Amino acid sequence: MSLPEVCVVFLLRRGADGAEVLLGRKRAGLGRGKVVGICVEVDPGEGADEAAVREARKSLGVRVEASDLLFAGTVEYHFPTRRAWSRQATVFVCRRWRGDPVERDGMTPQWYGLDAVPYARMWDDASRWLPGVLRGGTVDARFTFGADLATVVLTAE
């Protein structure tokens, strides 16, 4: 069985004190209250890059070109006790866009220095792969969450 597809985008910029990533506190839906990247389900017949462009505009009001998205890998999330939450994510980073990120219905955006990413407020898997991606690496990993739906109990890379 194939997993539903999502994409996640991390906008990166050079701030006054070094590299920064744009994350947001999710205000509704799966992961409500968690700090996340720009994330959206990929519609049937749509590419992950197209979904990323669409969601950046919808959730933050910024214009991203598909050609500016840098593919950083894939992550699978498995929730055996709540299978409907399982997903396969295509991960992108982006260093060019137009417009300033603004708060919209789905998330409250905030810039974080790469050494100040709030991993304790993110999904449990993020600290295992996101630091490498934010520093220019890639990811190809699978994470299985326990019955508490919050803790990674198995990792495959």
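The values are calculated or read from the model by the stated rules, or taken from the named source; none is laboratory data. Note that the coordinates shown come from a computational prediction; the quantities given were computed from them, not determined experimentally. Cβ sites come from the backbone with ideal geometry, for glycine too, and all protein chains shown count toward neighbours.
State yes or no: is Gly18 within 26 Å of Thr144 (Cα to Cα) and touching a residue at least 24 places away in the same chain (Cβ under 8 Å)? Judged against the criteria, Gly18 is not a match. Residues considered: Thr108, Thr90, Thr74. Of these, the only one that is exposed (fewer than 15 other Cβ atoms within 10 Å of the Cβ), part of a strand (DSSP E or B), among the β-branched types (Val, Ile, Thr) and in contact (Cβ under 8 Å) with a residue 12 or more places away in the chain is Thr108.
No other residue among Ser67, Ser59 is part of a helix (DSSP H, G or I), buried (at least 21 other Cβ atoms within 10 Å of the Cβ) and of a type outside the set (D, E, K, R) apart from Ser59.
In the range 36-55 there is at least one residue matching the filter, namely being farther than 23 Å from Asp140 by Cα and under 15 Å from the mean Cα position of the chain (by Cα). Within the range 48-68, residues that are farther than 11 Å from Arg104 by Cβ reach partners that are surrounded by fewer than 20 Cβ atoms within 10 Å (Cβ to Cβ) and of a type in the set (S, T, N, Q) with beta carbons closer than 9 Å, at six or more positions or on different chains, in the pairs Asp49/Ser67. When Leu70, Leu30 are checked against the criterion of being modelled with pLDDT of 95 or more and aliphatic (A, V, I, L, M), a single residue qualifies: Leu70.
Scanning the range 79-99 for residues that are under 16 Å from the mean Cα position of the chain (by Cα) and closer than 21 Å to Thr138 by Cβ turns up Arg87, Gln88, Ala89, Thr90, Val91, Phe92, Val93, Cys94, Arg95.
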